[in-house]
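Everything below concerns the one structure shown next.
The values are calculated or read from the model by the stated rules, or taken from the named source; none is laboratory data. Remember, predicted model here, so these are calculated numbers, not experimental data. FYI the Cβ positions are ideal-geometry reconstructions off the backbone, even for glycines, and counts take in every protein chain you see.
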Amino acid sequence: MNIEKTHIADLLIITPTVFGDDRGHFFESYREDTLKGAGINEAFVQDNQSLSGKGILRGLHFQRNPYAQGKLVRVLQGAVLDVVVDIRKESETYGQHLSIELSADNKKMLYVPPGFAHGFLTLDDDTIFCYKCTNYYDKESEGSILWNSPSLGINWDIDDPKLSDKDIEAKDFSDFNSPF
């Protein structure tokens, strides 16, 4: 695995070593000792998976303490534009974001620590997105930020994505008071 630091502290891009031949390919999608060596010391306790058509935007979501979650995200089928926003008030990169394409083809993964809002836009039909979480989901702890908040400056490259009611009603980042 190649683990790459980003301009935002603790946010890591993970690219597995892929072994392939005319039969197909093999790679390690999770290896605890390698991730611990990169500073990911939390235990993963829950796996989640979603299936979405093209143009579905899910996010920007987070969970408040005591249920804040770190996530190891990847795409099994299709492709997404994955976006994370640093919402840690004391961070030098508070309010900054990272966008990356994750796909079944590039096999890249992203480690998103607690204290980030996370979302993704599906780029293909029948996209399967999965992620490991460091804490359990708790409905009362969930929060969201408006996906197209002008102050975040995220280029989703879409004007009218398909959104849930929760994501339509999310707060603009300029009105957001981070719990982190």
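Among the residues making up the range 4-50, those that are touching a residue at least 60 places away in the same chain (Cβ under 8 Å), outside any loop (DSSP other than H, G, I, E, B), in contact with a strand residue (DSSP E or B) (Cβ under 7 Å, 6 or more places away or on another chain) and closer than 15 Å to M109 by Cα are L12, I13, I14, T15, D47, N48, Q49. Here K139 meets each of (1) under 25 Å from I158 (Cβ atoms); (2) free of Cβ contacts under 8 Å to residues at least 60 places away in the same chain; (3) of a type in the set (K, R) with one exception, condition (1). Filtering the range 51-68 to residues that are among the basic types (K, R), part of a loop (DSSP other than H, G, I, E, B) and closer than 15 Å to E142 by Cβ leaves only R64. Checked across the range 150-169, the condition of being of a type in the set (K, R) and surrounded by 11 or more Cβ atoms within 10 Å (Cβ to Cβ) holds for at least one residue. Among residues of the range 129-180 being of a type in the set (K, R) and part of a strand (DSSP E or B), the one that is nearest to Y111 (Cα to Cα) is K132.
Any chance the range 40-47 includes a residue that's surrounded by 14 or more Cβ atoms within 10 Å (Cβ to Cβ) and within 15 Å of M1 (Cβ to Cβ)? Checked the range 40-47: at least one residue is surrounded by 14 or more Cβ atoms within 10 Å (Cβ to Cβ) and within 15 Å of M1 (Cβ to Cβ). Of I87, I100, all but one fail to be over 21 Å from M1 (Cβ atoms), touching a strand residue (DSSP E or B) at 6+ places or on another chain (Cβ under 8 Å) and modelled with pLDDT of 95 or more; the exception is I87.
Taken over the range 74-95, the residue count meeting the criterion of being assigned to a loop (DSSP other than H, G, I, E, B) and within 15 Å of A117 (Cβ to Cβ) is 7. Among the residues of the range 96-109, those that are outside any strand (DSSP E or B), touching a Leu at 6+ places or on another chain (Cβ under 9 Å) and either surrounded by fewer than 18 Cβ atoms within 10 Å (Cβ to Cβ) or free of Cβ contacts under 8 Å to residues at least 60 places away in the same chain (or both) comprise Q96, A104.
Considering the range 110-128, the residues that are of a type in the set (A, V, I, L, M, F, W, C) and in a strand (DSSP E or B) include one that is surrounded by the fewest Cβ atoms within 10 Å (Cβ to Cβ), namely I128. For the range 129-146, give me each residue that is of a type in the set (F, W, Y) and either under 13 Å from the mean Cα position of the chain (by Cα) or buried (at least 16 other Cβ atoms within 10 Å of the Cβ) (or both). F129, Y131 - these are the residues of the range 129-146 that are of a type in the set (F, W, Y) and either under 13 Å from the mean Cα position of the chain (by Cα) or buried (at least 16 other Cβ atoms within 10 Å of the Cβ) (or both). Looking at this structure, is S50 of a type in the set (S, T, N, Q), at pLDDT below 95 and farther than 22 Å from L152 by Cα? Judged against the criteria, S50 is not a match. Only one entry of S29, S50 meets the criterion of being under 21 Å from F129 (Cβ atoms), hydroxyl-bearing (S, T, Y) and over 15 Å from the mean Cα position of the chain (by Cα), and that entry is S29.
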